[in-house]
Structure formats: structure tokens, C-alpha cells
Amino acid sequence: MESIIYYILTVSLAPLFPAVIDKIKAVSVGKKGPSLFIKYYDLIRFLKKELVYSKSTTWIFRFAPLIIIITYLLALLFFPIAGEKPVISFNYDFIVVVYLFALSRFFLLLSSLNTASSFEGMGASREAFMSFLAEGSLFMTFILAVKLTGVPSLMGFLGNIGAQILWHQAGIFAIMSIIVIFMILIVENARKPIDDPDTHLELTMIHEVMILDNSGPDLGLMEFGSFLKFLFFGGVLSRLIFPVDYNIGALNYLIFIVGLFIVASALGLLESISVRYKLPRNTTFLISSFAIATLALIFSIGVK
Amino acid sequence: MIYNRAKLDIKKKLMYFLCLSVVLIFISPAMANSGIGMTSGVEYGDILPHSTIILSMAIIMLGGLLGVLFSKWFNLSRIISILTISVGSLLGCIYAITIILNNKTYELTYLMGYLIPLSFKIDPISMFFSAVVLLVSIMAAIYSYGYMDDKKRKLAIGFQYLNFAVLVASMVGVTISNNSIIFLLFWELMSISSFLLVMFDGFKEEVKKSGYIYLIYTHAGGMFIFASFALAYMSTGSISFDHFSSMPDIVKMAVFLLGFIGFASKAGVFPFHSWLPYAHPVAPSHVSAVMSGVMIKMGIYGIIMLLLLLGINNIYIGYLILILGILSGILGVVYALAQHDIKRLLAYHSVENIGIILIGLGIGLIGKYYNNETIALLGFAGALLHVLNHALFKSLLFMGAGAVIKSTGTHSLEEMGGLMKRMPTTSLAFLIGSLAISGIPPFNGFVSELLIYMGGFNGLNSSIGLLTASTFGIIALALIGGLATACFTKVLGISFLGEPKTKASANAKESPYSMRIPQIILALICVIIGILPTFFVYSITKIAQNLNLVEITCSQLSVFPKLTEIYLILIALISILVVIRALIYRTKTVDGYTWDCGYSAPTAKMQYTASSYASPIVEFFKPFVIIKLHEKPVEGIFPSKAKYHSESKDLAEAVFELLLVKPISYGLLLLRYLKDGNFNYYMGYVIVLISVLLAYIYLIRW
């Protein structure tokens, strides 16, 4: 029951964190920035609008936003929020979660190619390229986590005991995993320095360009899907940074949310001080995340 | 003239009948004298007699013959032939499934006392492969009714059904034969009939070339298998497979490696795969579906059979299979990404999926070596289930590709587009096939990949050898999954979605029912295995246990019932959302145009192309893909016509060409001196050769 309450609470907080990133970016350049609830207003605005469908599109374009939002909602059901037992948990659930992400990506790519627009084809091509590399790093981290904790489930390595195990051995594995997951989070959520969410030129976009033709509630659903995706990866980081286990559930939850705020602020800071990479550099970024994850796995060979 | 031709036809048919009856006269006494040699296993509960599978092969062959005999009446011959082949296949399929479920083993031996006994062995693993073969064959046969509709080529189509029937029957024969001679007989029948099927359009230069490449490959591979079995015969003195385990270890290794090369070349494992992208695109689509879906699995069956017969438990063999699997898997999909021809692309995906099967086998073998039976069970079960899954979705995809090619008249992805609006059913089936092949839930590809993943994740804590193998296997699977997603979004996005790029694709029509129904059925099976995996996984693990590969039951399989729950939640939520959106926004939907950046008259040609879509990934794998560019860039203020054309070549092919084909053809050039076309000389050569051989025997040996 507690896990369901946490789930509902966390999902409803999801639009808060991207706003935190925007706020920090604005503050760092001396602006006041939008309200923290801006994304809620956005979502409501989107839901009130009409739906515009290009004549080139088919049912896939209409279906894709629904499948994207549902897969992310479903994926979060597996997540041990604040270290509590998640709503659904079984062995090897993380493989299912990663492949649910793949399902949503498949439909995202298809819906963007459905519009017959060259811009969106370009974005889809980049997304397909980067996501397969990111998946490799993600699985490398999972291998490390399963090897160290011995429990092959998200609950196993992000639950109370698992996350602490990663901090043993001088914390090296936790730190390396945090770095890798942070890099994956940047890629998956299309943030700087991989992709610039504020860019205004279609040719340079990756994620934004893929949803160029979605409108109204569909766009809202897709946006909400990306908030949930941030929640997932940010949540993993939060659990890795603060693998706390107090007896009071509310306190654990509070720390979890604080962790999420910290991740969002770190992203905001990074976005304010960094520039976007040239596209070929993205490969280097992704391969480095893979290399770090591999290194961590090699370090872990001797660990019992 | 017409009268003459009709007479000729009848003459041909009579000749055929004569040949057939001669064969039957020779075979029938043997059939009459024979009896079932040995039976083991429990007798009760047998619904069908043990020789049902042979009966089913005979019915399938009969179907082929009827197709030829009635070929004058075009529709009738096709209907009779397809019906008979389907009935035979269905019978065999049902029998195979009862054997698998009842978990029995029989041996049938005809001509027991003769030099070469016709011995067959029916066990769950061979019946599993037979069932896959027969299931796909039924669908391909039905599909061919719509696909083979060229009335001008009645006789060719009739013979095509004969070849098809021989191919199906010989594949079943390969799986059940229990001595090397019979095995090779069926193996060669399979190779030759499939070669003849590939050559269906043999009057085209391109087809002829591809057909010969296939013929050379399959026979070179066949020679390795001959060598392997000959070596086994020398060592054991028996042609029966039952004696294979009594060889010394070093011979076992040699037998396995030789056989492995042969079987790998049939299966399309990485360095030996070059025939696939030639043979599959030119064959008729239902043939490609059978060849790619099940015929290459005979190579996998051969490898598994050798592993079982020889009782190999060797870590290096495990690593060999794993590494070749990883190479085939990743490079197969990379080469697929570089293709423009839809059927070539699918052919390369066969290489990829064979890679996944080998990764499963490799992880299983390595787990077995380290006495970790859970890993062995999961690895083998994953590999076997992927055999079934790949057969289903690959034949589905080839059928879809065939329908698209028939409808648009082009093989090129760049010339299609917008087909989803014009061919909705075919496209939906193709979409399901694509999701399944990319290993995406809730479809069947995910189930087998999950099994292999589970095997891999079990091997992280025992020893460094196992850790390395598991890590490589898992990462390779993850990369393959991502790349396959990229590749199939390319196919679907560029050719099925968007706007039509040519007139032919704008005028594409949905294919006839006979072509659509098999696709729908295959797609449904993909979904059923995907959503309700439990039954299939348990049956497969039973087979894996029967192989004596592993003996334990595995508690980790409890994941699969939970998958069903997740999928049901997923489907329920999506349908709720679909209904909600339809209700709320029914009146608030507007038609518009795609955002074109303010440019008001885009043409369909300005869409993103398949090669551009795949280019970042192909560039990333540059060392392995040889890209040739033919470019005439835009120049000057008033540019004339510009051109850009890219081609990709795969590494194995280039290396083979350099190291094998060129030296051999150079050597043969020297031999050409001897072959000047004068028949007298040839007779002379024969006489000289025979004299030399006789002289050798009489003078030196005695």
C-alpha cells in the first residue's frame, strides 16, 4: 500500500524537476526564471488544445504518444521509490524495464518518421544511434550491480541493502555507477552537452525535433513521458547517492526527493556552464560512459 | 505448333511418371520387408503410429508431384499441390507436437540387415525442429497461392511446387535421420532443391549469379560435413550416429570442427554467411521465407546434433561458438543497416538471429563446462526458443517483403514509402514482425532473448571465465537489440510510413487474401508466444532437459507468468487511454500538414532516406563495412545533374574474395588449358587416369 502511495505521489511530482533545471539555468544567468510549477501549467495548456494531425500520418502517429506514456508509467511501477518494495517486483525485472523503454523508443522513432519530414528523420537517426550505445552502458552497469549485490532485480540493487552494498569497497563502484548513470541520464533525457532542449534550429535538435509535429494533448503526453523518464534515471541516481534506510518511511521518501532535487540542480548547473558538443563528439561521450562502466566491472572481479 | 507443344508436355510428364515408378518399384519391396526395428519408451497414449512422420513426408512429396502432373490446369494444380502439402505438413506437425509434449523417443529402422539401413530417430529435439519446419511450410505454401500467379509459367510453377515439397520433406528427413549416409542424402536433397528454387527466375543474369554463389557455398559446406562424417566412420567403423560417442577425444574435436564449418556455412554464421544476402533476395518470397526461416536452422540442428552425439564438454568450443555468435549477431545487423534492398536486409538479419542463437548455445556450453546447470538450461532453452521465434517472425517478414515487392515492383527501400495507408494488413503484420525481431515486449523475440539474458546474469559470480563470457554475451545482446530497433525503424519508417516516393508505391494495392492470411496467422503466433510465454518456455526447457544437457528444474522460470501480468496491465492501460482520448478529443481533431519549415512545396523525394538514416551507425562500424561511393557532386553556379550512390560490402566477403576466390580462379585458369572442349581429349584423360590408378594398385599396393 505504501508503495502505491509513493508511486502516485512521485508521479505527480514529476513535472517539478524539469522546472528546477530551468530555474537554475535562469538564476545562473541572472534571470528570475519561471515558476517551479510551469510544467504543470504547460501540461494543462496542452490538454486544453486541439489535436492536429498531418495528412501524411497514420494510426502509428496517433498511437505512439499513448504507448510512450504508458510504458514510462509502467516502468516506474518497478522502481523501488525511497528503497521501499516497488508495486511490481520480480527477478530480472530490470531487463523488462529496459525493453519497455525500447518499446516506447520504437514507437517514438516510428511516429517521427511517419510525418515524412526530413527534420524528423534526422532526429530519429541520431536518437537510434545514441540510444543503442547508451543501452550498452546501462547493461554494463546492471552487470556490475548484479555481480556485487547478487540479486537480479531493481529492488535488489536499488533497495535498502543493495544500494549500500555498492558503497562498500571504498565507494568506488557507487561513484563510478553514479557517473555512468548520470551520463546515461543526459543522453536519455536529451540534455546538454548531448542535446540542447532550448535550441531553435530543427537541424541541430535530436529529441525535440522528433516530436515536432505532435500537438496538443499528444505533445503533452510525450512531454510528461520525458518527465517520467527523468524521474526514473534521476531516481536511480538519488538512490545511489543516498542509500539511506531509516525506520521512518516518510523520512526515506523525503531524502529520495531531495536526491532528485540534487540531480536536477546538478543538471541545471551543468547546462549553464557547458556548451553543446558537436555531433561526432557525442559518440566519444557515450563510449566513455561505456568504458567507465567496463572499468568498474573489471575492478569488481576480485570482490566477493 | 500448339498441338506439338501439348504433346511434348505430355511426353515429359510420361517420362517423369516412368522415372517415378521405377524408383517406386525399387523401394517398395524394401518397404514391404521392413518392420519397425526398435521401440523404446512407454507405449500407451500413442494416438498416431510411429511412422506418421514418414507418412507426412510422403504426402508432402505427393503434393509436389501432383503440382507437376496437373500443371496444365494452373489454378487446380496449385490448389491441389498446396492442399496436399499443407495436409501432410499439418499431420507431421501434430505428430511432432505430441512427441514433444509426451516426451518420447523412438527409433525406426527399415532395411535393417542391409549395408545402409534406413534408420531414423524420433526424439523431442528432432521433432521440435521438424515442427518448426512444417509449421512455416504450411504458411509458405498457402502464401505461394497468391504469390505465384504468373499464368505464363505454368510448368515452371508446377516444378517449383515439386522442389518446394522436396525441400520441406528433406528438411524433416535431416532432422530424423540417424546415420550419416541417410543424413547426407537428405542434406544434399535439401541443398539441391533449394538451389533449384532460388533459380526460379534463372533466366535473369543476377539470379543466375546468385544461384551459383549459393550452389558453390552449399556444396563447399556439404564437403566439410562429408569430411567430418568420413572421419567419424574411419574412427568408429560405423555409419550410425549412435557410435559417435565412442571416438577418441582428439578425433571428436576434428569431427566437430569440420562439421561445424559445414553446418555454420548453412546456418549463415559470420565468416561463412556470404551466400545469404545473394540467395534470399532473388528467390521467390515464400521460398526465402522457408529458406531463411527454417532451412538455415538445419545448420543449427546439425551443430546441436554434433554437440549431443559427441558429448562435447569443452570450454574452447563454448568460447568459439559464443564469439562467432557475437560476431554474427552484431555484424549481421550492421550489414543489414547498410542495405537498401529489403530482402537483402532481411537476409542479413538472419545472420544476426543465428548469432543470437549461437550466443545462447555458447553461454549454455560454457555454463555446462563450469557445472552451472541453471546457466546451461537457460542458455540452451533460449537458443532453442529463438529457433522457433526466428522461424516465425523471419518468415512473416519475408512474406511481408514479398507482398510489398509484388505490389510496388521494387526491392529498394528508397523507392517505397506510404505503404501503411495502402497495404494496412500487410503493414500491421510487418510491424508485429519488426517488433518481434527487435526483441521488444510483448512479442516473442523478447522471450527467448530474456532467457539468454537470464542465463548470462546467472554467470556473474562463479568464476572469471564465466563472468567474461556472460558479460560479452549480455552486452552483445543489448547492442544487437538496439541496432535491430534502428534497422527496423528504418525499414518501417522509410518504406511503410511517410509519403510514397515513386508512382509505383503510390499505386500499391493490398495483396490477396491467400497472401495476407498466413501473415496474420504468423503474427498472431508471435503475439501469443509473446504474451503467454509460460507454456512455451516450459515445453522448451523440457526439451533442453531431455537432451541430457541439463537435469535440473529451474525456479527462475517463474518470471514468465509475471510477464503475462505486466503485458495485460500494459494492454489494459493503453486501451483505456485510447478510449479516453477518442471520447474527449473526438470533436477536437484537425487535419494539417507536416511542418516543413515554411517551405511550401516539398516533394516526396525530399524525405529522409534509408541510407542517411542508417549512416551514423554504419559509419561507427566503419572498419567492418566497406563502403563504396559513386559521387558526382553539385558543382558551379548552375549545377548540372548530380549523383550520389553508395554501396556496402561486407568484410567476410571481401576477405574471401581476396584469399580464396582469386587464387582458386587463378589456379583454375591454368587448368583451362586442359579443357579445350574436344571430347576426344576428355576420353583420353579418363583412360589415362584409370590406367594410372590401376597401375598404382597393381604395381605398388600389391
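Before moving on, here are some points about what is shown:
- Residue within the stretch A:25-37 that is among the basic types (Lys, Arg), touching a residue at least 24 places away in the same chain (Cβ under 8 Å) and either in contact with a Phe, Trp or Tyr (Cβ under 7 Å, 6 or more places away or on another chain) or not in a helix (DSSP H, G or I) (or both) present: no
- Scan of the stretch B:662-686 for residues that are surrounded by 10 or more Cβ atoms within 10 Å (Cβ to Cβ) and either among the acidic types (Asp, Glu) or over 29 Å from B:ILE213 (Cα atoms) (or both), ordered by number: B:TYR681, B:MET683, B:GLY684
- Among the candidates A:LEU203, A:LEU154, A:LEU148, the residue that is surrounded by fewer than 20 Cβ atoms within 10 Å (Cβ to Cβ) and modelled with pLDDT under 90 is uniquely A:LEU203.
- Selection of the stretch B:488-541 for residues being among the aliphatic types (A, V, I, L, M), part of a helix (DSSP H, G or I) and away from chain A (no Cβ under 14 Å) yields B:ALA504, B:MET515, B:ILE517, B:ILE520, B:ILE521, B:LEU522, B:ALA523, B:LEU524, B:ILE525, B:ILE528, B:ILE529, B:ILE540.
- For A:MET140, the conditions (1) at pLDDT 90 or above; (2) under 18 Å from A:PHE78 (Cα atoms); (3) buried (at least 24 other Cβ atoms within 10 Å of the Cβ) all hold with the exception of (2).
- B:LEU118 being surrounded by fewer than 23 Cβ atoms within 10 Å (Cβ to Cβ) and touching a strand residue (DSSP E or B) at 6+ places or on another chain (Cβ under 7 Å): yes
- Of the residues A:LEU185, A:LEU260, the single one that is closer than 19 Å to A:LEU76 by Cβ and touching a Gly at 6+ places or on another chain (Cβ under 6 Å) is A:LEU260.
- Look at (1) surrounded by fewer than 24 Cβ atoms within 10 Å (Cβ to Cβ); (2) closer than 28 Å to B:TRP275 by Cα; (3) hydroxyl-bearing (Ser, Thr, Tyr) and you find that B:TYR370 fails only one, number (2).
- Any chance A:PHE90 is aromatic (Phe, Trp, Tyr) and crowded, with 23+ Cβ neighbours inside 10 Å: no
- Scanning the stretch B:393-419 for residues that are of a type in the set (Gly, Ala, Ser) and within 14 Å of chain A (Cβ to nearest Cβ) yields B:GLY417, B:GLY418.
- Test set (1) farther than 23 Å from A:SER238 by Cβ; (2) touching a Lys or Arg at 6+ places or on another chain (Cβ under 8 Å); (3) buried (at least 19 other Cβ atoms within 10 Å of the Cβ) - A:PRO80 fails condition number: (1)
- Criterion violated by B:THR218 - all others in (1) in contact (Cβ under 8 Å) with a residue 60 or more places away in the chain; (2) within 16 Å of B:MET190 (Cβ to Cβ); (3) of a type in the set (Ser, Thr, Tyr) satisfied: (1)
- Exactly one residue out of A:ILE5, A:ILE88 is part of a helix (DSSP H, G or I) and of a type in the set (Val, Ile, Thr), and it is A:ILE5.
- Qualifying residues in the stretch A:226-257 (those that are of a type in the set (Phe, Trp, Tyr) and surrounded by fewer than 19 Cβ atoms within 10 Å (Cβ to Cβ)) - the one farthest from A:LEU77 (Cα to Cα): A:TYR246
- Test for A:GLY136: is it more than 30 Å from B:SER615 (Cβ to Cβ), of a type in the set (Gly, Ala, Ser) and more than 15 Å from the chain's Cα centre (by Cα): no
- The set of residues in the stretch B:468-487 that are more than 7 Å from chain A (Cβ to nearest Cβ) and either within 22 Å of the chain's Cα centre (by Cα) or buried (at least 24 other Cβ atoms within 10 Å of the Cβ) (or both) comprises B:ALA469, B:SER470, B:GLY473, B:ALA476, B:LEU477, B:ILE480, B:ALA484, B:CYS487.
- In the stretch B:420-444, residue farthest from B:VAL537 (Cα to Cα) [restricted to those that are in a helix (DSSP H, G or I) and at the interface with chain A (Cβ under 10 Å from one of its Cβ atoms)]: B:LYS421
- Condition check for A:THR57 on (1) within 9 Å of chain B (Cβ to nearest Cβ); (2) within 19 Å of the chain's Cα centre (by Cα); (3) buried (at least 22 other Cβ atoms within 10 Å of the Cβ): one failure, at (2).
- Restricting the stretch A:272-304 to residues that are among the hydroxyl-bearing types (Ser, Thr, Tyr) and over 26 Å from A:ILE21 (Cα atoms), the residue that is modelled with the lowest pLDDT: A:SER300
- Across the stretch A:76-118, the number of residues qualifying as more than 7 Å from chain B (Cβ to nearest Cβ) and more than 21 Å from A:ILE4 (Cα to Cα) comes to 7.
- Residue within the stretch B:624-637 that is surrounded by 10 or more Cβ atoms within 10 Å (Cβ to Cβ) and either assigned to a helix (DSSP H, G or I) or at positive phi (or both) present: yes
- Subset of the stretch A:42-54 that is among the aliphatic types (A, V, I, L, M) and more than 10 Å from every other protein chain (Cβ to nearest Cβ) - its residue that is nearest to B:ILE474 (Cα to Cα): A:LEU43
- Sole residue being in a loop (DSSP other than H, G, I, E, B), in contact (Cβ under 8 Å) with a residue 12 or more places away in the chain, of a type in the set (Ser, Thr, Tyr) and within 7 Å of chain A (Cβ to nearest Cβ), chosen from B:TYR613, B:TYR608: B:TYR608
- Every pair of residues 6+ apart whose Cβ atoms lie under 8 Å, when the first sits in the stretch B:573-599 and is more than 8 Å from every other protein chain (Cβ to nearest Cβ) and assigned to a helix (DSSP H, G or I) while the second is surrounded by 16 or more Cβ atoms within 10 Å (Cβ to Cβ) and of a type in the set (Val, Ile, Thr): none
- For the stretch A:60-75, the set of residues classified as more than 8 Å from chain B (Cβ to nearest Cβ), closer than 30 Å to A:LEU251 by Cα and not hydrophobic (A, V, I, L, M, F, W, C) consists of A:TYR72 only.
- When we screen B:SER505, B:SER514, B:SER539 for residues that are out of contact with any strand residue (DSSP E or B) (no Cβ under 7 Å at 6 or more places or on another chain), among the small types (Gly, Ala, Ser) and within 30 Å of A:LYS55 (Cα to Cα), the only hit is B:SER505.
The values are calculated or read from the model by the stated rules, or taken from the named source; none is laboratory data. Quantities reported herein were computed from a predicted structural model and do not represent experimental measurements. Cβ coordinates were reconstructed from backbone atoms using ideal geometry, including for glycine residues, and neighbour counts include every protein chain displayed.
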